[in-house]
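Working notes, beginning with the structure itself.
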């Protein structure tokens, strides 16, 4: 997970056409929160709006041998994910988005494209299918 430490330019699309201008642009910042244990702390910043959109924590559960990730957004949505870690250049987070209207099963699939670039797709569960709802590309700023 240390791959993610740093500042990233975040581009988001609401459909798979990532060749066009993104629907949203921001910065994802992830810091090493503790020296003795994995506790990565992060946030998504929207510089043009001068606001923080999300706060997150990625940690390791030594008993369950899984990574845990919690994200809180400024619209009060809580995202809870877990993962067994990287398989080659792919990482899959599985979990739930919790809103005041209920819970929605979610998945994020990350593909590492190089040391300074990765792409991700967010999916929601609809019936027996996983439906993509958001596409992201992140490039390292520093």
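Can you give me the Rg/Rh ratio for the stretch 42-92, using Cα atoms for both radii and the Kirkwood formula for Rh? Intermediate results must be reported in sequence, preceding the final value.
Working: Rg = 13.5 Å, Rh = 12.4 Å.
Value, to two decimals: 1.09.
So what is the relative contact order for the stretch 2-140, in percent, with contacts set as C-alpha pairs under 8 Å and at least six apart? Numbers along the way, then the final one.
On the way: 319 pairs, mean separation 25.4, N = 139.
Once normalised by length, the contact order is 18 percent.
Enter the mean projected area of the convex hull around the alpha-carbon atoms of the stretch 1-54, in nm², rounded to one decimal.
On the way: hull surface 18.4 nm².
Averaged projected hull area, Cα only: 4.6 nm².
Which peptide among 109-115, 125-131, 93-99 comes first, and what is the full order, when sorted by highest mean count of other Cβ atoms within 10 Å?
Working: 109-115: 13.6, 125-131: 9.9, 93-99: 17.4.
Put in order of decreasing packing, that is 93-99, 109-115, 125-131.
Provide the FRET efficiency to the nearest 0.05 for the residue 74-residue 37 pair, computing r from the beta carbons and using R0 = 35 Å. The partial results should precede the final answer.
Values: r = 28 Å, r/R0 = 0.79.
Efficiency, from the Cβ-Cβ distance: 0.80.
Residues of the stretch 105-142 with backbone nitrogen within less than 18 Å of a virtual label 7 Å along the Cα-to-Cβ line of residue 99, please, listed as ranges.
105-108, 122-127, 130-135
Considering the alpha-carbon set of the stretch 2-142 alone, what are its Rg and its Dmax in angstrom?
Considering the stretch 2-142 through its Cα atoms, Rg and Dmax are 14.8, 44 Å.
All of the numbers you see were taken from the coordinates with simple rules; none came from a lab. Given the structure is predicted, the values throughout are model-derived calculations rather than measurements. Cβ: placed from backbone, ideal geometry, glycine included. Neighbour counts: every protein chain shown.
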